[in-house]
Amino acid sequence: MTASARTRRYSQPEQEFIDCQDALLGYITNRLPVTDWHKAEDLAQQTWTRALSQPRRSHALDTDGVPGWIAYQARIVLRRHLSPVPAGDANWWYLTQILGHSSEWPEHWHCVLVEEGQAALLRLAAREIAPTPAAVFRRPAAPVAAAA
């Protein structure tokens, strides 16, 4: 068996993640209040899972040497770890059905959810994504039948 047959080939995203694994661990531990390597590794694994399951967007290279598309997912994982929403306060299935996947939300929506709760997020989202009055489809009025 040749050396090339024994080596595993990784996809481009997998290889990019492997190449920045140490930088990602540093990125995460620098943002944790207490350095806990086990927790950092768990959060890096969650980041890896999220990064591969989400559509890849172009993001600038982060300052810590972590590709932007991975750092973006790491920030989401860290935000959820550091400011968890109590389980009773957020119905993720419901929010996903109404607002789409949370990875697609604007950053400030996550903050509103954490700080003010699900109801406040839904009110804010309704204001921000409501159509302008000119864009609202209006059904023409039905003709009034003439009285005989």
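The values are calculated or read from the model by the stated rules, or taken from the named source; none is laboratory data. Bear in mind that the values here come from a model prediction, so they are computed numbers and not experimental data. All Cβ positions, even for glycine, are placed from backbone atoms using ideal geometry, and neighbour counts span all protein chains on display. When the accessible area is computed, the model is the full protein with side chains, heavy atoms only, and any ligands, DNA or RNA have been set aside. Shrake-Rupley method; radii C 1.70, N 1.55, O 1.52, S 1.80 Å.
Filtering region 73-97 to residues that are of a type in the set (A, V, I, L, M) and either modelled with pLDDT of 70 or more or surrounded by fewer than 16 Cβ atoms within 10 Å (Cβ to Cβ) (or both) leaves Ala74, Ile76, Val77, Leu78, Leu82, Ala87, Ala90, Leu95.
Only residues that are among the hydrophobic types (A, V, I, L, M, F, W, C), open to solvent by 20 Å² or more (accessible area, probe 1.4 Å) and at pLDDT below 85 were counted in region 17-31, giving 1. Ala148 meets each of the listed conditions (1) among the small types (Gly, Ala, Ser); (2) modelled with pLDDT of 65 or more; (3) assigned to a loop (DSSP other than H, G, I, E, B) apart from (2). Remark: Thr47 falls outside the filter, which requires a residue to be polar (S, T, N, Q) and either in contact with a strand residue (DSSP E or B) (Cβ under 6 Å, 6 or more places away or on another chain) or modelled with pLDDT under 85 (or both). Whether any residue in region 52-60 is out of contact with any Lys or Arg (no Cβ under 6 Å at 6 or more places or on another chain) and at pLDDT 85 or above is what I want to check. The answer is no; no qualifying residue exists.
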